[in-house]
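We did not get these values from a lab; they are worked out from the coordinates using the rules stated. Predicted model, so just to flag it, every value in this text is computed and none were measured. Methodologically, a virtual Cβ is constructed for each residue, glycine included, from the backbone with ideal geometry; neighbour enumeration extends over all protein chains shown.
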Amino acid sequence: MAKRTTAPTVRAFPARATSLASIRRFIEQRAAEIGVPRSRRQDIVLAVTEGCSNAIRHTTTAEVTVSWEADSGLIVVYIADDGIFRRPSPPPAGIGGFGIPLMRALADELAIREGTQRRPGTIVRLTWRLGEPRLPPAGGAPAGQKDGEAPRTTRRPAERPAERRPAAHA
């Protein structure tokens, strides 16, 4: 895979389920442009689609903004809305509630800043380190966190914090 730097690309989409196909095409095209292998592209597209779907379903936003950044083998995607995060009630057994664990399993790092009444706007940051072997996701939720509950940040156990901080997004 070519490890080349691309300028951040930001696109806004209406917060409707019908926008998910356009979001998938946007992410697929960005990943293909830098030579991400097809199987890894599928993981990235699925995780971003899930994050956008959550923004559409679980916040009060009119628009979802997706930002793509790729630099020297590091891909960072931000999903932002201007809504208020509404933690869904537990779904019936076996129905729903798998979005955050799915994103955690597909990305190398997941961070969520939940929008509140005082500070609207939920931001999800998904990070992939390309060219490094993928580690399996850690089993279960960290201590003090329920399965399916949004973590502040999760990383695979053997990973060190990133040395480069992505640009802040509002």
remark   = Simple SL model, points at 7 angstrom along Cα→Cβ for Ala7 and Ser39; separation in nm is 3.5 nm
key: Nonlocal amide H pairs with Glu109, under 5 Å, H built at 1.01 Å   = Thr127
